[in-house]
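Participant: Before I ask anything, here is the structure I am working with.
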Amino acid sequence: MNDRLRVYALPSLHAKLYLQDSLAWVGSANMTLNGFSGKPEIIIRFKDREKYWRGIFSDYRNLANPVNKANLEKLQRWIDLGLTKVRSQDNTAERPSGETAYAPLTFEDFVEWLAEPSQPHPSIRKHILDRVKGKNFMSGHVPPAFHGAMAFLRLKSEYRSRLVKTNDTSIPSDIISDFASFVEKHGDEYRGPQGGYWRNYLSTRLGGAQRSGGAGDTVAKKCLVLIPAYVNARRQPQFG
């Protein structure tokens with residue numbers, strides 16, 4: 001391979017594509033020592049079909065996100081801060097064969113869950129789903145609230161069982177206090193779709209920067225209540 005390496009990520013696709021001028025490798029294996037020495041993986045080499053594989057890669061690249069040095073530095077910083085896991089326990093779903101399939105707990109899946117009529121907290125789910133769709137121009141508030149509350153509940157998993165039993169207007173004061181401390185310390189790590197800092201959406205009562213107002217407080221509190229129900233619905237007892 002030459003000295004240029006471009007990396008793209010598409011969360012919904014597990015297979016990896018490795019393309020060189022005259023060869024293409026496709027499979028599940030990572031190009032690392034662990035990728036080939038851990039659990040069974042498979043990778044297949046193809047030759048002499050450059051046009052076909054270039055087309056496949058073009059389609060993939062149009063859907064995927066480029067991964068740059070800043071992304072990797074941010075990931076390392078979040079790992080160092082304890083905001084994510086190196087080895088995540090993803091939510092599970094039963095296959096017909098009885099095997100367990102894995103899928104990530106994502107914001108996109110959370111939005112789908114909000115619309116499922118059988119789930120608890122119907123009024124709270126509707127409130128957040130309406131904001132996702134742009135009501136009151138607050139669609140940008142929801143992604144950082146989801147990701148921030150998710151990280152907080154990974155660090156404070158003992159609060160999940162208590163939040164399942166409450167609603168957003170009666171969250172215990174000790175949880176609110178710890179959440180405010182988390183936001184004050186880590187809130188600027190989470191950004192809205194247009195780049196806005198999460199702390200700027202929140203009042204000082206929740207560790208934010210708004211001394212008056214803080215319209216994002218309601219969204220954050222509702223996410224705190226909804227995420228434990230969402231995690232339970234996706235059957236991920238290992239969360240946290």
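Every number in this text was worked out from the coordinates using simple rules, so none of it is lab data. Keep in mind the model is a prediction, meaning the values are calculated, not measured. Glycine gets a Cβ as well: all are built from the backbone with ideal geometry, and neighbour counts include every protein chain shown.
Participant: Give the calculated FRET efficiency between L155 and N65 to the nearest 0.05, with a Förster radius of 35 Å applied to their Cβ-Cβ distance.
Facilitator: It comes out at approximately 0.85.
Participant: Let me ask something additional. Assuming R0 = 22 Å, what is the FRET efficiency of S212 and S177, from their Cβ-Cβ distance, to the nearest 0.05?
Facilitator: E between S212 and S177, to the nearest 0.05, is 0.60.
Participant: While we're on this one: Report the full-extension gain for the segment D80 to F107: residue separation times 0.36 nm, less the Cα-Cα distance, to one decimal in nm.
Facilitator: So the chain would gain 7.5 nm between D80 and F107.
Participant: Ranked highest first by average number of other Cβ atoms within 10 Å, how do 168-176, 201-209 line up?
Facilitator: Order by mean packing, descending: 201-209, 168-176.
Participant: Mind giving me the nanometre distance, one decimal, between the label points for F57 and L13, set 7 Å out from Cα along Cα→Cβ?
Facilitator: With each label point 7 Å from Cα toward Cβ, the separation is 1.2 nm.
Participant: Full-extension gain between R191 and E73, please, as 0.36 nm times their residue separation minus the C-alpha to C-alpha distance.
Facilitator: My answer for the length gained is 40.9 nm.
Participant: Tell me the net charge near Y60. Cut-off is 14 Å between Cβ atoms, Y60 excluded, with +1 for each Lys or Arg and -1 for each Asp or Glu.
Facilitator: Summing Lys and Arg as +1 and Asp and Glu as -1 gives +3.
Participant: How much length is gained if the chain between R205 and S139 is pulled fully straight, taking 0.36 nm per residue apart and subtracting their Cα-Cα distance, in nm to one decimal?
Facilitator: 21.6 nm
Participant: Ranked highest first by the average count of other Cβ atoms within 10 Å around their residues, in what order do 136-145, 63-72 fall?
Facilitator: Descending mean neighbour count gives 136-145, 63-72.
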